[in-house]
Amino acid sequence: MSGYGDGLILGFPEGMEAAQRLAQAAGRPCAAIALHRFPDGETRVRLPAELPPGVVFYRSLDDPNAKLVELALAARTARTLGARHLTLVAPYLCYMRQDKAFAAGEAVSQQIVGRLLADWFDALITVDPHLHRVHDLAAAVPVTRAVRLSATDLMADFVAERFAGADPLLVGPDAESEQWVAAVAAHRGLDYRVGVKARRGDRDVEVRFPPHAMGGRHLVLVDDVASTGRTLTVAARALARQRPASISVLVTHPLFVGEALAQLEAAGVAAVWSADSIPHPSNRLTLAPLLAAALAPPGRDDRISPSITT
Ligand SMILES: O=P(O)(O)OC[C@H]1O[C@@H](O)[C@H](O)[C@@H]1O
């Protein structure tokens with residue numbers, strides 16, 4: 001047994017603050033994994049020299065390619081250092097959107113990356129994974145224990161408090177977003193509408209909304225992930241034509257690559273809010289208590305439990 005006690009949480013450099021928030025919420029010890037990036041692009045990974053039987057890795061998998069290699073190095077090393085049961089807490093789970101071969105010859109990344117993660121880890125905890133055609137997290141990532149959490153209750157409480165007495169209207173930009181916007185609406189009895197999206201390329205997106213009286217209302221665009229922000233930007237432009245009182249954006253996973261935030265602002269979006277699955281200036285909702293509640297009690301990480309989908 002190491003000096004850390006069982007149920008140690010290990011954080012990577014870019015996510016140490018979030019790993020510490022999780023450790024505090026879960027009442028567990030926390031330590032850092034040190035990374036050194038060599039000039040040629042390889043990474044040296046260093047873990048604490050002794051590990052307890054149960055170890056939790058905290059890493060959100062935005063910008064995932066180098067992170068995945070480093071995770072593999074860390075997970076394999078953890079087992080040689082004495083860990084027997086490895087849990088990955090990945091608030092944002094990468095490669096979930098490529099869930100089929102959209103053209104002949106394409107890799108089905110969801111299945112391939114999911115199996116890699118299941119080779120390295122025994123358990124996975126994630127938040128609002130982009131499961132669209134494949135609904136079961138354990139089918140995408142076949143670990144022994146797969147826990148799918150949702151930020152939608154936190155989002156609903158945030159919107160209800162922010163717009164108390166103002167009767168906000170939640171708006172999902174497309175059919176894929178309906179599972180989230182409907183859950184947010186249901187939690188606080190809010191009203192919602194969903195648009196129709198056609199995507200022709202990474203940044204070539206069209207969004208239309210069926211006729212609905214939106215003039216003078218506070219509109220909150222809700223989605224799981226904003227990547228280029230194109231979906232939300234185009235949706236906001238369409239909504240702005242309805243002369244609402246305001247347009248805001250609320251997402252679980254704020255990737256917001258490139259000029260996404262500036263484009264949203266130019267489209268008339270007054271505020272952008274997110275959960276802290278990825279560190280970003282828009283973070284307003286903290287996921288640590290939700291993630292902590294999903295961790296097995298320290299010392300019991302090696303239990304075999306069924307997959308959980310919440
Ligand atoms: O339009 P960007 O921000 O690039 O991509 C994010 C969108 O693409 C969908 O899969 C997501 O659910 C979201 O609606």
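The values are calculated or read from the model by the stated rules, or taken from the named source; none is laboratory data. Keep in mind the model is a prediction, meaning the values are calculated, not measured. With ideal geometry, Cβ positions are generated from the backbone for all residues, glycine too; neighbour counts draw on all protein chains shown.
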Working only within region 10-28, note down all residues that are in contact with a Ser or Thr (Cβ under 9 Å, 6 or more places away or on another chain) and either over 9 Å from TYR58 (Cα atoms) or among the β-branched types (Val, Ile, Thr) (or both). GLU14, ARG21, ALA25
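Any idea how many residues of region 225-274 are of a type in the set (S, T, N, Q) and in contact with an Asp or Glu (Cβ under 9 Å, 6 or more places away or on another chain)?
Let us first name the residues in region 225-274 that are of a type in the set (S, T, N, Q), namely 227-228, 231, 233, 242, 246, 248, 252, 263, 274.
Going one step further and asking which of them are in contact with an Asp or Glu (Cβ under 9 Å, 6 or more places away or on another chain), we end up with 227-228, 231, 252.
Matching residues across region 225-274 total 4.
I need the full set of residues from region 108-155 which are in a strand (DSSP E or B) and either touching a residue at least 40 places away in the same chain (Cβ under 8 Å) or in the same structural domain as SER277 (by TED's automatic domain parsing) (or both), in order please. Show your work before the answer.
Here is the first cut: in region 108-155, the residues in a strand (DSSP E or B) are 123-127, 145-149.
If the condition is that a residue be in a strand (DSSP E or B) and either touching a residue at least 40 places away in the same chain (Cβ under 8 Å) or in the same structural domain as SER277 (by TED's automatic domain parsing) (or both), then ALA123, ILE125, VAL127, ARG145, ALA146, VAL147, ARG148, LEU149 are the ones that fit.
Scan region 144-174 for residues that are within 16 Å of the ligand (Cβ to nearest atom), within 20 Å of VAL269 (Cβ to Cβ) and of a type outside the set (A, V, I, L, M, F, W, C) and jot them down.
Just the residues of region 144-174 that are within 16 Å of the ligand (Cβ to nearest atom), to begin with: 148, 150-152, 155, 170-174.
Applying the additional criterion that residues be within 20 Å of VAL269 (Cβ to Cβ) yields 151, 155, 170-174.
Correct list: GLY172, PRO173, ASP174.
One line per residue, one yes/no per condition, for (1) in a strand (DSSP E or B); (2) near the ligand (Cβ under 10 Å from one of its atoms):
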| position | (1), (2) |
| --- | --- |
| ALA238 | no, no |
| GLN242 | no, no |
| ILE247 | yes, no |
| LEU250 | yes, no |
| HIS253 | yes, yes |
Complete set of residues in region 3-21 that are crowded, with 19+ Cβ neighbours inside 10 Å and either among the aromatic types (Phe, Trp, Tyr) or part of a strand (DSSP E or B) (or both): LEU8, ILE9, LEU10, GLY11, PHE12
Residues in region 160-174: is at least one part of a helix (DSSP H, G or I), within 22 Å of VAL234 (Cβ to Cβ) and not basic (Lys, Arg)? no
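Let's see how each residue does on (1) among the acidic types (Asp, Glu); (2) under 16 Å from the mean Cα position of the chain (by Cα); (3) within 20 Å of HIS253 (Cα to Cα):
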| position | (1), (2), (3) |
| --- | --- |
| VAL171 | no, no, yes |
| GLU176 | yes, yes, yes |
| ASP191 | yes, no, no |
| ASP204 | yes, no, no |
Conditions: (1) in contact with a strand residue (DSSP E or B) (Cβ under 7 Å, 6 or more places away or on another chain); (2) free of Cβ contacts under 8 Å to residues at least 60 places away in the same chain; (3) surrounded by fewer than 22 Cβ atoms within 10 Å (Cβ to Cβ). ARG203 meets all but one. Number of the miss? (1)
Go through (1) assigned by TED's automatic domain parsing to the domain that holds ALA270; (2) modelled with pLDDT under 95 and name the single condition PHE102 misses. (1)
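Scan region 151-165 and give yes if some residue there is buried (at least 18 other Cβ atoms within 10 Å of the Cβ) and more than 21 Å from ARG284 (Cβ to Cβ), otherwise no. Steps first, please.
To start, the set of residues in region 151-165 that are buried (at least 18 other Cβ atoms within 10 Å of the Cβ) comprises 151-152, 154-156, 158-159, 163.
From the residues that got through so far, the ones that are more than 21 Å from ARG284 (Cβ to Cβ) too are none.
No, region 151-165 has no match at all.
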List, please: which pairs have Cβ atoms under 6 Å, are six or more places apart or on different chains, and start with a residue in region 241-264 that is on the phi > 0 side of the Ramachandran plot and end with one that is part of a loop (DSSP other than H, G, I, E, B)? ARG243/GLY215; PHE256/GLY229
Hey, could you check region 22-46 for residues that are touching a helix residue (DSSP H, G or I) at 6+ places or on another chain (Cβ under 8 Å) and crowded, with 22+ Cβ neighbours inside 10 Å and say which is nearest to PRO279 (Cα to Cα)? LEU22
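What number of residues within region 175-218 are part of a loop (DSSP other than H, G, I, E, B) and within 11 Å of the ligand (Cβ to nearest atom)? Before you say what the answer is, go through the steps one by one.
Step one: filter region 175-218 for residues part of a loop (DSSP other than H, G, I, E, B), giving 189-190, 195, 200-204, 209-217.
Retained after the next criterion (residues that are within 11 Å of the ligand (Cβ to nearest atom)): 195, 201-204.
Residues flagged as part of a loop (DSSP other than H, G, I, E, B) and within 11 Å of the ligand (Cβ to nearest atom) within region 175-218 amount to 5.
Tell me, please, whether a residue that is in contact (Cβ under 8 Å) with a residue 24 or more places away in the chain, in a strand (DSSP E or B), exposed (fewer than 14 other Cβ atoms within 10 Å of the Cβ) and away from the ligand (no atom under 12 Å from the Cβ) can be found in region 219-236. Please lay out each step first, then the result.
Just the residues of region 219-236 that are in contact (Cβ under 8 Å) with a residue 24 or more places away in the chain, to begin with: 219-236.
Applying the additional criterion that residues be in a strand (DSSP E or B) yields 219-226.
Imposing the further condition that a residue be exposed (fewer than 14 other Cβ atoms within 10 Å of the Cβ) reduces the set to none.
Within region 219-236, not a single residue is in contact (Cβ under 8 Å) with a residue 24 or more places away in the chain, in a strand (DSSP E or B), exposed (fewer than 14 other Cβ atoms within 10 Å of the Cβ) and away from the ligand (no atom under 12 Å from the Cβ).
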Quick check: is even one residue across region 25-42 part of a strand (DSSP E or B), within 23 Å of ALA288 (Cα to Cα) and touching a residue at least 40 places away in the same chain (Cβ under 8 Å)? no
